[in-house]
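Everything below concerns the one structure shown next.
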Amino acid sequence: MPTPVADRDALLQQALAKSWFYPLTLPDGRALPSTHDGRVDAIHLTRARMLDQLIDAQFPGDRQALSAIDIACHQGWFSLQLARAGFGRVDAIDARAEHIADTQLLAHVYEQASINPRQRDVFALNAQDDGTHDLVVMFGLLYHLENPVGALRVARALARRACVIETQVVPHLGGMVDWGSYEYVRPLKGCFGIIDEIDEVHAPEASVTGVCLAPSTEGLLWLLRAVGFRDAYVLPVPADGYEQLRHGKRVMVAALV
Ligand SMILES: C[S@@+](CC[C@H](N)C(=O)[O-])C[C@H]1O[C@@H](n2cnc3c(N)ncnc32)[C@H](O)[C@@H]1O
């Protein structure tokens, strides 16, 4: 049912009165205020292009019968992209209530009824209560968590066909490790960097606990297979894409069920 004009104007005013982490333009062409004067738009736009390519490759054709879940949706920009790509159901999940309210506002503004925003911690999600989804999207979350392996297990449990993870990564460390004795050694599969966000847990983009483990790319690929994905690979970055993605300091990884 279309929103009455007066309610619609109120909605647009509400959106214009807030600031947004993402580059957003109202259907009438007015730009929504940016929290950072557009300085981080490049990362969002590159990731959106890469997500579109993944969706086209893995989910060609009509997507109305398909469902996606956007874990750590923030203000719902990628949820909006999934809805516009035609996924018939898009669950938008974030630990922070204010992000869920903003995602709901965006869903109303852009009249995307397939978006279902819900406040949940990633570790509270499970297949029984939250269903399984053709596509699981987990962007910008892994390196804000103290239990990234647990989050990968959640992603695997919720994924029916594919999962796409985007994360900051740390330099890889490889080689053999003495495992009790120099005569009993094990290959290092990857590593994590410990990052301190303890004083930033109030920040809208930060960890909710303050202790963060960021993986190496090699470690992430190994872990995705270890938690049950049949394959995992790093997605190609456009030649003019965001510098961190081009230089492998962040990666977007597809994992297939
Ligand atoms: C850097 S932002 C990334 C947002 C968005 N996915 C993106 O890539 O633009 C991190 C997001 O993770 C959310 N978050 C942090 N810890 C979380 C947790 N344990 N469970 C669910 N969401 C969490 C934050 O509220 C924030 O929206």
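Just so it is clear, none of the values below were taken in a lab; they were calculated from the coordinates. Worth saying up front: this structure is predicted, and the values here are computed from it rather than measured. Glycine also receives a Cβ, built like all others from the backbone with ideal geometry; neighbour counts cover every protein chain displayed.
Here's how it looks for residue 191: its modeled amide H is under 5 Å from those of 173, 216, 219, which are all 5 or more places away or on a different chain. Sorting 111, 197 by the number of Cβ atoms found within 10 Å of their own Cβ, with the fewest placed first, yields 111, 197.
Distant-in-sequence amide contacts of residue 140, defined by a placed amide H-H separation under 5 Å and a gap of 5 or more residues or a different chain, comprise 166, 167.
Basic side chains Lys and Arg get +1 at the Cβ, acidic Asp and Glu get -1 at the Cβ, and with that the dipole of region 5-256 about its Cα centre reaches some 660 debye.
Overall dimensions of region 210-257, expressed as equivalent-ellipsoid semi-axes from the Cα gyration tensor (√(5λ), whole Å, largest first), are 21, 16, 7. Centre-to-centre separation between the Cα atoms of region 183-205 and those of region 9-44: 33 Å. Remark on region 125-180: Rg and Dmax equal 14.4, 43 Å (Cα only).
Taking label points 7 Å from Cα along the Cα-to-Cβ direction, residue 5 and residue 178 give a separation of 8.0 nm. Only DSSP H runs of four or more residues enter the estimate; each adds -39500 (n - 2.57), and after division by the residues of the chain the mean residue ellipticity at 222 nm equals -9000 deg cm²/dmol. Label positions at residue 65 and residue 160, each projected 7 Å from the Cα along the C-beta direction, are separated by 0.9 nm.
What the Cβ-Cβ distance of residue 186 and residue 120 gives, at R0 = 30 Å and to the nearest 0.05, is a FRET efficiency of 0.25.
With an 8 Å Cα cut-off and a minimum separation of 6 or more residues, compute the relative contact order for region 5-256 in percent.
Numbers: 489 pairs, mean separation 39.0, N = 252.
With pairs under 8 Å counted, the relative contact order is 15 percent.
A simple rule links phi to the HN-Hα coupling: the Karplus curve 6.51 cos²θ - 1.76 cosθ + 1.60 with θ = phi - 60°, which for region 61-72 gives x, 6, 10, 4, 7, 9, 10, 10, 10, 10, 8, 6 Hz, with x for Gly and Pro.
With respect to the chain, whose longest principal axis is taken over its alpha-carbon atoms, helix 148-158 is tilted by about 60°.
Taking the mean number of other Cβ atoms within 10 Å as a proxy for protection, how do you rank 180-191, 245-256 from highest to lowest?
245-256, 180-191
Here the extension length gained between residue 231 and residue 49 equals 63.3 nm, from 0.36 nm per residue of separation less the Cα-Cα distance. For the chain, the longest principal axis of the Cα atoms and the long axis of helix 97-109 meet at an angle of about 50 degrees. Ellipsoid fit via the Cα gyration tensor, region 1-56: semi-axes of 26, 17, 7 Å, each the root of five times an eigenvalue, largest first.
Computed over the Cα atoms of the chain, the ratio of the radius of gyration to the Kirkwood radius (Rg/Rh) comes to 0.99.
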